[in-house]
Amino acid sequence: MYLPALLLFTVFIYYPITQGVKISFTNWNGYSPHYSYVGLENYRYMFTDMRTYKVIINTLIYGLGSTLFQNILGLAYAMLLNAKLRGRGIVRTIVYFPVIVAPIIMGYVWYFVFQYDGGALNDIMLALGKEPVDWLGNGPRAVWLITLVNTFQYMGVAMVVYLAGLQAIPKEYLEAAEVDGASGFYKFFHITLPLLMPAITISIVLNIIEGLKLFDVIISMTNGGPGYASHSLSTMMSDLFFAGQDAGFAAALGNLMFVIISLFGISSLKFLRRKEVDL
Amino acid sequence: MTKLMNRIKKLMSYLTALLISIIHLIPFYILINLALKTRQDTSSKWLPPNYLYLKNFTEVWTQSHLGTALLNDLIITVCTVALVVFVGVLAAYPLARYPTRWNNSVYTLSISTLIVPALTVLVPLYKLVVDMHGISTYWAMVLVLTTFFLPTVIFLYTGFIRTIPRELDEAALIDGCNRYEIFFRIIFPLLKPVTASVIIIIMLGVWNDYRFSLFLLQKRSVQTIPLVLSQFFSQFQNNLPLAAAGSLLSMIPMALIYLFLQKYFVSGLAEGAVKG
């Protein structure tokens, strides 16, 4: 009964993967019926081009940076909103809401805040009598702002996962520790955190895989600019393919991305497997 | 003393929660202000307009053909969700129930595709769809989306089916059910909760998709909301109120569904995350 599934995988994933390897050895421009084999030329160019390294570093910042922020903030929010507070449901709803917004639109919404001419942040700078700043015009800063926007959008998921994890911790453990005179710090590091470990693992693994694929928000906030300073591997590849008309190079970059994400992915799958054994 | 401490602690919690809410609402507040202003109004984005102006909404609706885009989104989402649930649950049942060596490899192979980001195969996938004459067609978009969401669906269903006691199958077998009857009459009705999660996760992903739409839907007549709005945005970069109104309108369908089905959204995604 899994025949339809296997058929789809074969046609739209496995077959394209093999074709991707083939195209990466050509100088195909993306539409012409004529192209020739150039051997490892695209790969040689890729590894001598400084842009490649820049883009790899950006991709890692997007992937690992968002993961770090999302999980630290998500856990902190979950701890806060797990306590009995009036209206905590509303706060959870507010934090979670961006998850349902299309990431490309979320990027535009934040663009209204960060843009140079008439952006909300520069309205504050003007009100304070300061010079407006081109927030997204500086490469490294743009990369971190995009990372923060991605964090803002998806930290609600981490929060919800941690809330579920926190609610599964037996109250008796914490009460017993309290009777023994344990401090808040002690309880957090010796009871809460170890018992949350499965939730933390899953959340981190998913965030890394998702973050390394980041695409939409970059397109809407900077389109990879200024120059190529905020490109990720995915946006760079799409740019090379459609604007640069360099399908061979784009395919080579795609294969590099495949290797990088697989390395992270395989190690995360090992985590997933270990978790299945625990269950 | 401890009582006072507890009170202060509680007060701090409330203040933090309030601060968090405000920070998280800021971008939406700015968006609403912007969408309600005229193009000539360059006042601070933090101040709401002191006049009522709704023309941005009607203008963006007609200019970017949002109605057509909404219909396209609806067609693609409904078809993809239906197909991915059907194909996914069919695949998950034998993989969960009959863990033979072969089936386990099929399972591993399917799950490995979870980590293949669609864009790494962008170039060959695009070429394939061009060769199939599938660019700007619903069927190609639906098939591609189904394929890339399938691993998640198989993973969720397999995990859930494994928790259903085997004795149920065996009892049904003794009562004379065949494998298909067991599946459709005994197992499938038990899958309602996980199906709700699956539908919501996939619906969100498909409805908000941009990366596949960007490459596969090139004709205006088949484009979805995220795509139409992003083009609108680059076209009218000097008319931000219009773009803001469009962004705001685009959030309404999912926001409504979210308000009514909030419980399922949160549990669905938490489950999806906890289970993988």
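Coordinate-derived values only; no laboratory data. Just so it is clear, the model here is predicted, and its values are computed rather than measured. Ideal geometry is used to build each Cβ from the backbone, glycine not excepted, and the neighbour counts take in all protein chains shown.
Which value in deg cm²/dmol, rounded to the nearest 500, describes the helix-derived mean residue ellipticity at 222 nm for the protein assembly as shown, given -39,500 (n - 2.57) per DSSP H run of n ≥ 4 and division by the residue count?
Calculated mean residue ellipticity at 222 nm is -23000 deg cm²/dmol.
Hey, quick one: spin label on A:ASP49, modelled 7 Å out along Cα-Cβ, who in the range A:246-261 has an amide N within reach, i.e. under 13 Å?
Inside the label zone: A:246-257.
Return the loop-located trypsin sites (Lys or Arg not before Pro) in the range B:103-182 (DSSP other than H, G, I, E, B) with at most 15 other Cβ atoms within 10 Å of their own Cβ; answer none if there are none.
For trypsin sites (Lys or Arg not before Pro) across the range B:103-182 that sit outside H, G, I, E and B with at most 15 neighbouring Cβ atoms in 10 Å, the list is empty.
Shielding of A:87-94 by partners, i.e. mean partner chain Cβ atoms within 10 Å per residue?
What the average comes to for A:87-94 is 4.
So what are the three principal axis dimensions of chain A from its Cα atoms, in whole Å, longest to shortest?
Answer, in whole Å and largest first: 77, 63, 34 Å.
Given q = 0.20 Å⁻¹, what are the Debye log10 I(q)/I(0) values for the range A:22-82, with equal point scatterers placed on the Cα positions and solvent ignored?
Taking Cα atoms of the range A:22-82 as identical point scatterers yields -0.84.
What helices does chain B have that are whole DSSP H segments, at least 27 Å long along their own axis by Cα, and with mean Kyte-Doolittle hydropathy of 1.0 or more?
B:2-35, B:66-97, B:138-162, B:240-260
Could you work out Rg/(2.2 N^0.38 Å) for the range B:1-140, with Rg from alpha carbons only?
1.82
Before anything else, pin down the relative contact order of the range B:113-254: Cα pairs under 8 Å, at least 6 apart, normalised by residue count, whole percent.
29
So which chymotrypsin sites (Phe, Trp or Tyr not before Pro) in the range A:68-142 pass both tests, a DSSP loop state and at most 16 other Cβ atoms within 10 Å of the Cβ?
Listed in order of number, the matching sites are A:TYR116.
Residue separation times 0.36 nm, minus the C-alpha to C-alpha distance between A:ALA182 and A:ARG141: what's the value?
Contour length minus the Cα-Cα distance gives 10.5 nm.
Identify the chymotrypsin sites (Phe, Trp or Tyr not before Pro) of the range B:42-121 meeting these criteria: DSSP loop state and at most 16 other C-beta atoms within 10 Å of the C-beta.
The qualifying sites are B:TRP46, B:TYR51, B:TYR53.
Per residue, how much space in cubic angstrom lies within the convex hull of the C-alpha atoms of the range A:162-231?
So the per-residue hull volume is 115 Å³.
In the calculated pair distance distribution of the range B:69-152, what percentage of Cα-Cα distances lie above 20 Å?
Roughly 45 percent, rounded to a whole number.
Using only atoms on other chains, find how many Cβ atoms lie within 10 Å of each Cβ of peptide B:16-27 and report the average.
The mean count of partner-chain Cβ atoms within 10 Å per residue comes to 6.
Please enumerate, by chain and number, the lysines with C-alpha under 25 Å from the C-alpha of A:LYS187, excluding those fewer than 8 residues away in the same chain.
The qualifying lysines are A:LYS84, A:LYS171, A:LYS275, B:LYS3, B:LYS9, B:LYS10.
Give the relative contact order (percent, whole number) for chain B; include only Cα pairs under 8 Å separated by 6+ residues.
Relative contact order, chain B: 31 percent.
What does the extension gain come out to for B:ARG162 and B:TRP102, with contour length at 0.36 nm per residue minus their alpha carbon separation?
Taking 0.36 nm per residue and subtracting the Cα distance, the gain is 19.9 nm.
A:PHE258: net charge of surrounding residues, Cβ under 15 Å, Lys/Arg +1, Asp/Glu -1, itself excluded?
Net local charge, A:PHE258 excluded: +2.
Determine the sum of side-chain charges near B:LEU119: Lys and Arg each +1, Asp and Glu each -1, restricted to other residues whose C-beta is under 10 angstrom from that of B:LEU119.
+2
Can you grab the distance from the C-alpha centre of the range A:8-39 to the C-alpha centre of the range B:37-73, Å, no decimals?
Spelled out, the Cα-based centre of one part sits 43 Å from the other.
Of all the stretches in chain A, which is the longest one without any exposed loop site, taking trypsin sites (Lys or Arg not before Pro) in a DSSP loop (any state but H, G, I, E, B) with at most 14 other Cβ atoms within 10 Å?
Here the longest segment lacking exposed loop sites spans A:131-279.
Take the alpha carbon atoms of the range A:67-95, find their center, do the same for the range B:81-132, and report the distance between the two centers in whole angstrom.
34
Count, for each residue of B:85-91, the Cβ atoms from other chains sitting within 10 Å of its Cβ, then give me the mean as a whole number.
Going residue by residue through B:85-91 and averaging, the value is 4.
Aspartates and glutamates within cross-link reach of A:LYS130: Cα-Cα under 17 Å, excluding same-chain residues under 8 positions apart?
The reachable aspartates and glutamates, counting only those whose Cα sits under 17 Å from A:LYS130, are A:ASP117.
Go ahead and collect, in residue order, the members of the range A:199-220 whose backbone nitrogen is under 19 Å from a label point 7 Å along the Cα-Cβ direction of A:ILE169.
A:199-204
Pull out the extension gain between B:THR16 and B:ALA82, defined as 0.36 nm times the separation in residues minus the alpha carbon to alpha carbon distance; nm, one decimal.
19.5 nm
P(r) for the range B:113-208: what percent of alpha-carbon pairs falls in each 10 Å bin, starting at zero?
Reading the bins upward from 0: 13, 33, 26, 19, 8, 0.
Is any helix in chain A, taking whole DSSP H runs, at least 24 angstrom long along its axis by alpha carbon and on average at least -0.5 on the Kyte-Doolittle scale, and which ones?
A:139-167, A:193-212, A:247-278
Which of the lysines could a cross-linker bridge to A:LYS22, judged by Cα under 16 Å and excluding same-chain residues fewer than eight apart?
Candidates past the 8-residue exclusion: B:LYS127.
With a Cα-only, solvent-free Debye model of chain B, what are the log10 I(q)/I(0) values at q = 0.15 Å⁻¹?
Evaluating at q = 0.15 Å⁻¹ gives log10 I(q)/I(0) of -1.16.
How big is the Kirkwood radius of the protein assembly as shown, worked out from every pair of different alpha carbons and given in Å to one decimal?
25.2
Along its principal axes, what span do the Cα atoms of the range A:139-279 show, with the longest given first and each in whole Å?
That works out to 68, 34, 19 Å along the principal axes.
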